[in-house]
Amino acid sequence: MPDATELCTLADLKSMLGQTASTEEALITIVKNAVEAYAKTYCGRDFIVATYTEYHDGDDGNLLRVDQRPINSITSLYSDPARLFESASLIPSSDIVGDTKGQRLGFVELLTYKFLKGIKSTKIVYSGGLSTIPADLSMAVKLIVCKQYKVISKKMFAENTQQVGDMTITLSPDAFPKDALKMLDAYRRIDF
């Protein structure tokens, strides 16, 4: 499995495509980078382990959903309708529920404090993302890359029907394999 700096490896793609020479690496890499960017946009998350700073609206509740998951650690958490985010509005780490399941899903829960009502009144700095890309997520990206590579390398960009000998070939308008999109759906960020 690839680390979280990429969703699949060039070596895996070359193997799946039956490419042993380096002549096609540039095209495969271009397609790979585009599909990885698409997967991140489609899923509404970055996947990469990094430090994220986010601002969220407060609702006087005790539950917050961040953009990246899982949450690996929280550096700081503020609730401040004035948006000054000074030490007086810092929520102590002892008030943050350390629920593993909740943080894996991207939720922060407070014991006694509240996320005070206001637009962008909550500031959180945290480490989030996957340290290892799950096999099914990587496979979804590989399937899409392979299909797109084949379309591009054969210059079959438009939907049409072509006669080749006694066979008729119709190109599908579907850009991505449906089974790959189903695999990506499991990693989509769902807003409440």
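The values are calculated or read from the model by the stated rules, or taken from the named source; none is laboratory data. Since we're looking at a predicted model, the values are computed, not measured. With ideal geometry, Cβ positions are generated from the backbone for all residues, glycine too; neighbour counts draw on all protein chains shown. In case anyone asks, the SASA skips ligands and DNA or RNA and just uses the protein heavy atoms, side chains included. Shrake-Rupley method; radii C 1.70, N 1.55, O 1.52, S 1.80 Å.
Numbers for the structure displayed
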{"read-out": "So Ala21, is it out of contact with any Gly (no Cβ under 9 Å at 6 or more places or on another chain), open to solvent by 50 Å² or more (accessible area, probe 1.4 Å), over 30 Å from Tyr126 (Cβ atoms) and of a type in the set (A, V, I, L, M, F, W, C)", "value": "no"}
{"read-out": "Search result, residues across region 8-25 that are in contact (Cβ under 8 Å) with a residue 12 or more places away in the chain and aliphatic (A, V, I, L, M)", "value": "Leu10, Leu13, Met16, Leu17"}
{"read-out": "From Thr9, Thr23, Thr29, Thr51, residue being farther than 21 Å from Ser153 by Cα and among the hydroxyl-bearing types (Ser, Thr, Tyr)", "value": "Thr51"}
{"read-out": "Residue tally, condition free of Cβ contacts under 8 Å to residues at least 24 places away in the same chain, open to solvent by 60 Å² or more (accessible area, probe 1.4 Å) and either among the charged types (D, E, K, R) or within 19 Å of Pro134 (Cα to Cα) (or both), over region 26-42", "value": "2"}
{"read-out": "Per-region count, region 93-134, residues assigned to a strand (DSSP E or B), open to solvent by 50 Å² or more (accessible area, probe 1.4 Å) and of a type outside the set (A, V, I, L, M, F, W, C)", "value": "3"}
{"read-out": "Test result for Asp67, out of contact with any Ser or Thr (no Cβ under 8 Å at 6 or more places or on another chain), modelled with pLDDT under 95 and over 26 Å from Lys182 (Cβ atoms)", "value": "no"}
{"read-out": "Residue that is modelled with the highest pLDDT, among those in region 163-192 that are exposed (fewer than 10 other Cβ atoms within 10 Å of the Cβ) and not in a loop (DSSP other than H, G, I, E, B)", "value": "Lys178"}
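Okay, residues lined up against (1) out of contact with any Cys (no Cβ under 9 Å at 6 or more places or on another chain); (2) open to solvent by 40 Å² or more (accessible area, probe 1.4 Å); (3) modelled with pLDDT of 95 or more:
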{"residue": "Asp46", "(1), (2), (3)": "yes, yes, no"}
{"residue": "Val49", "(1), (2), (3)": "yes, yes, no"}
{"residue": "Asp57", "(1), (2), (3)": "yes, yes, yes"}
{"residue": "Asp60", "(1), (2), (3)": "yes, yes, yes"}
{"residue": "Asp80", "(1), (2), (3)": "yes, no, yes"}
{"residue": "Phe85", "(1), (2), (3)": "yes, no, yes"}
